[in-house]
Each structure stands twice: as C-alpha cells, then as structure tokens.
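Here the structure comes first, spelled out in structure tokens, and everything after it is commentary.
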Amino acid sequence: MHLHEVALVVHAWTMKRAVIIVAEGCEELEAVTVIDVLRRGGIVVDVAGLTAGSVTASRGVVLVPDVVLSDVADRLYDLVVLPGGASGTDRLAQSATVAELVRRQLDSGRDVGAICAAPKVLRNFGLLAARTVTSYPGAIPEEDPDYTYSAAPVVVDGHLITSRGPGTALDFALALLERLAGAEVRARVEAGLVRA
C-alpha cells in the first residue's frame with residue numbers, strides 16, 4: 001500500500017459518521033434535510049432502512065436506504081438520527097434494534113438526534129428522564145414529571161438533540177453538523193445555503 005493510500009484509509013477511518021434511520025411513513029423533509037446538510041459538511045452518512053428495499057415516506061417520496069439497519073447496528077456512530085413522521089416513528093418505536101442502538105449510543109456518550117414525532121420513540125424507550133426536550137406539538141406530553149418540555153426550535157441536552165418538526169429541519173440539521181464538525185464547518189455550509 002502506498003503512502004497516499006494509507007493516508008486515505010486513515011482519513012476515512014477518522015471521519016465523523018452518522019446513521020439516519022428511515023421507516024415507512026417517515027417525514028421526508030426532515031430525513032433528506034439532515035442527510036443533505038451532514039454530507040455537505042463532510043460527514044459520512046449511512047441511510048439505514050428497518051428492512052431491505054425502498055421506503056415510502058409520509059408524502060409519497062420514495063427513499064432508497066444505503067443499508068439495512070440490522071447490518072450496521074453494531075457499528076459505532078458519532079450520531080444516530082431519528083426523523084419524524086407519525087407512522088414512521090411508530091415503526092421505529094417497535095424496533096428492538098433501534099431501541100438497543102439508541103440506548104447504547106447515549107450510554108457511550110455519543111449523540112442522538114430526534115425531530116418531530118421521534119422524541120416519542122425515545123420516551124417509549126425510557127430515554128427522556130431528567131432531560132429537556134422538544135417535539136412536534138402533541139407528539140409527547142408537555143407535562144411529564146420525567147422530563148422538561150421546551151417549545152424551542154432545537155434543544156440540546158447533553159448528547160440528545162431534539163427539534164420541533166419539518167419547519168425546523170434545517171436548524172436541526174445545522175445544529176447536528178455543528179456538534180460533529182464544529183462551528184466553522186456549520187458556518188461554511190450555512191453560508192452556501194443562502195438562508196437570507
């Protein structure tokens with residue numbers, strides 16, 4: 001192996017990695033926005049389906065995952081992202097693989113992002129205790145003794161990042177990028193998006 005090939009392997013090994021888990025009925029605006037922004041920032045992103053084959057999202061957009069979740073569930077990711085979408089999050093909440101992956105992610109001090117209805121998945125897994133979170137209005141109860149609810153567009157509490165819904169997807173994606181790559185990379189990507 002030549003020196004430049006070794007450098008490429010080392011670079012690929014040290015790059016930040018994220019997995020976004022998509023299920024039938026997921027919210028495509030949230031999923032695709034996060035995938036796009038993270039990849040613009042140089043993050044290696046695996047789009048994982050709960051099962052093999054394409055995924056039809058909530059508005060009929062067909063997504064083609066890179067991998068099946070069960071094939072990559074043992075990998076260590078810097079970030080695991082759960083997009084919303086009512087029926088998509090119901091499917092995520094029924095997956096023992098998702099539960100194990102998200103629990104292991106938080107236990108090991110790695111980031112988890114959940115947007116829209118996806119905080120409901122984390123609540124079902126018992127992972128919101130003593131945290132401050134947000135969600136799509138009504139997805140989780142605003143009054144709950146286990147956690148503090150916020151109506152902020154994006155809430156960062158330790159290694160958990162939550163967001164409100166499709167309208168906050170870009171803010172959410174940029175917050176996730178900043179966590180993984182830093183403020184300078186976020187600023188560069190955000191400038192290229194021409195938000196104002």
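Just so you know, all these numbers are worked out from the coordinates, no wet-lab data involved. Note that the structure is a prediction, hence the values are computed from the model and not measured. Don't worry about glycine lacking a Cβ; one is built from the backbone with ideal geometry, like all the others, and counts go over all protein chains shown.
For the subset of the range 148-174 comprising residues that are without any contact (Cβ under 8 Å) to a residue 24 or more places away in the chain and among the small types (Gly, Ala, Ser), which member is nearest to residue 27 (Cα to Cα)? So that I can check it myself, show each step before the final result.
First, pick out the residues of the range 148-174 that are without any contact (Cβ under 8 Å) to a residue 24 or more places away in the chain: 148-156, 167, 171.
When the remaining residues are screened for being among the small types (Gly, Ala, Ser), the result is 150-152, 167.
Working: 150: 21, 151: 20, 152: 20, 167: 11 Å.
So the residue we want is 167.
Just name the residue that is surrounded by the fewest Cβ atoms within 10 Å (Cβ to Cβ) out of those in the range 131-146 that are more than 15 Å from residue 156 (Cβ to Cβ) and aliphatic (A, V, I, L, M). Steps first, please.
Here is the first cut: in the range 131-146, the residues more than 15 Å from residue 156 (Cβ to Cβ) are 136-146.
Still in the list and also aliphatic (A, V, I, L, M): 139-140.
Working: 139: 21, 140: 23.
So, considering only residues that are more than 15 Å from residue 156 (Cβ to Cβ) and aliphatic (A, V, I, L, M), the one surrounded by the fewest Cβ atoms within 10 Å (Cβ to Cβ) is 139.
Out of the residues in the range 53-102 meeting the condition of being aliphatic (A, V, I, L, M) and surrounded by fewer than 14 Cβ atoms within 10 Å (Cβ to Cβ), tell me which one is farthest from residue 34 (Cα to Cα). Before the answer, list the steps.
Keep residues of the range 53-102 that are aliphatic (A, V, I, L, M), which gives 55, 57, 61-64, 67-69, 72-73, 76, 79-82, 86, 92-93, 96, 98-99, 101-102.
Checking the rest, the ones that are also surrounded by fewer than 14 Cβ atoms within 10 Å (Cβ to Cβ) come to 62, 64, 76, 96.
Numbers: 62: 16, 64: 15, 76: 19, 96: 24 Å.
My answer is 96.
Is it fair to say residue 127 is in contact (Cβ under 8 Å) with a residue 12 or more places away in the chain, surrounded by 21 or more Cβ atoms within 10 Å (Cβ to Cβ), over 20 Å from residue 51 (Cβ atoms) and in contact with a Leu (Cβ under 7 Å, 6 or more places away or on another chain)? Spell out how you get there, then give the answer.
Numbers: in contact (Cβ under 8 Å) with a residue 12 or more places away in the chain: yes; surrounded by 21 or more Cβ atoms within 10 Å (Cβ to Cβ): yes; over 20 Å from residue 51 (Cβ atoms): yes; in contact with a Leu (Cβ under 7 Å, 6 or more places away or on another chain): yes.
When the stated conditions are applied, residue 127 passes them.
Scanning for something closer than 16 Å to residue 84 by Cα, touching a Cys at 6+ places or on another chain (Cβ under 9 Å) and part of a loop (DSSP other than H, G, I, E, B), does the range 165-178 turn up at least one residue?
yes
Quick one: how many residues across the range 106-136 are farther than 19 Å from residue 45 by Cα, assigned to a loop (DSSP other than H, G, I, E, B) and of a type in the set (Lys, Arg)?
Of the residues in that region, 1 qualify.
What is the number of the single condition among (1) part of a loop (DSSP other than H, G, I, E, B); (2) within 21 Å of residue 30 (Cα to Cα) that residue 143 does not meet?
Among (1) part of a loop (DSSP other than H, G, I, E, B); (2) within 21 Å of residue 30 (Cα to Cα), residue 143 violates only (2).
Condition first: in a loop (DSSP other than H, G, I, E, B) and crowded, with 20+ Cβ neighbours inside 10 Å. Can you find one or more residues in the range 148-164 that meet it?
Here is the first cut: in the range 148-164, the ones in a loop (DSSP other than H, G, I, E, B) are 150-153, 158-159, 164.
Narrowing further to those that are crowded, with 20+ Cβ neighbours inside 10 Å: 164.
So far as the range 148-164 goes, yes, one or more of its residues are in a loop (DSSP other than H, G, I, E, B) and crowded, with 20+ Cβ neighbours inside 10 Å.
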